[in-house]
Amino acid sequence: MLELRNLEAYIGENRVLRGVSLEVPKGSSVTVLGANGAGKSSLISVISGLRSATRGTVMLEGREIQNLQSYQIARLGVATVPEGRRTFVDMSVADNLVMGAFLPRGRKNLTQTMDEVLTLFPVLKERLTQRAGTLSGGEQQMLAIGRALMSRPSLLILDELSLGLAPVIVQEIYRVLAEVRNRITMLLVEQSVEMALKNSTYAYILETGRIVREGPSAELLRDPAIEEAYLGMKKCENQGRSQ
C-alpha cells in the first residue's frame, strides 16, 4: 500500500532523512522505531505532505504522492494520529469526532462510523458532551484515534501512541487497534519498542535518519542485540522511575 524509496529530507541545512526505504503492505501493521532525533517525525511529515522530500519517492497504492498537498493525501485515505494528540480542547468530544469526518468518505457514513468508534471506545460515548480538554491523557488519545477513524482511512499512521500514557492504557488502546487491523493498514511510529513489536507484523529501526535494521517484529523482539540496545535500556528507565 505504502512504499518509500530512497527518501531524503532536510530541516534547514540538517539532513533528517538519509535514503529511507520501507514498505507497508496492505493489511499489515508496520512499526518504525527510533529514539528522539532519529527522524521519525520528519518521516511522518513527508508521508502526510507536511514536509517536502528533497529526493526519493512516496508511493501510495502505486501512485506517487510526495508532491501532493496534505489535504490531497488525506483525501486518498491517509489519516494521522499526531504526537501529543492535538484534540480540539474547547470543543466537545462529539464535535471532535464529527470534525474527523469532514472528508466525503467520512461524511457519507458518518452515523455508522460514529457508532463503530463509540463501540470501540465506550468511554467516549459517556463523555460526548464533555469538552475534550477536560479528558484524561488516555481518553484524549482514544479521542484522537477515534477522530482519525471517522474519516474511514485505508492507512492509519500513529505517531508516538504510547507517549506519556500508563502501560494499562496503552495495552487497552492496542487491543482496540487489533480489532480494526483487518480493515485498516497501520504504520506505527514509536519509542516504546516492546509494545510496538508485539503489536506489529514488521519493523524498521531508524537511527539518525537511516534505516539500520529491519525484519519481522517477532524476530526482532527475540533478538538479543535488540533487547540489549533497546529493551534493556527501556527496562533501566522504568526501574529508575519506580525508585
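Working carefully through the options Gly137, Gly146, find the one that is surrounded by 23 or more Cβ atoms within 10 Å (Cβ to Cβ) and out of contact with any strand residue (DSSP E or B) (no Cβ under 8 Å at 6 or more places or on another chain). Residue meeting the stated conditions: Gly146.
Filter the stretch 94-110 down to the residues that are in a helix (DSSP H, G or I) and either closer than 19 Å to Val180 by Cβ or in contact with a Pro (Cβ under 9 Å, 6 or more places away or on another chain) (or both), then identify the one that is modelled with the highest pLDDT. Going through the qualifying residues, I end up with Leu97.
When restricted to residues that are touching a Leu at 6+ places or on another chain (Cβ under 9 Å), under 21 Å from Ser45 (Cβ atoms) and surrounded by fewer than 21 Cβ atoms within 10 Å (Cβ to Cβ), the stretch 149-179 contains 1.
Yes/no matrix, rows are residues, columns are (1) among the small types (Gly, Ala, Ser); (2) part of a loop (DSSP other than H, G, I, E, B):
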{"residue": "Ala74", "(1), (2)": "yes, no"}
{"residue": "Thr87", "(1), (2)": "no, yes"}
{"residue": "Gln112", "(1), (2)": "no, no"}
{"residue": "Leu124", "(1), (2)": "no, no"}
{"residue": "Thr129", "(1), (2)": "no, yes"}
{"residue": "Leu143", "(1), (2)": "no, no"}
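The values are calculated or read from the model by the stated rules, or taken from the named source; none is laboratory data. If you're wondering where the values come from, they're calculated on a predicted model, not measured in any experiment. Cβ atoms come from the backbone with ideal geometry, glycine included; neighbour counts cover every protein chain shown.
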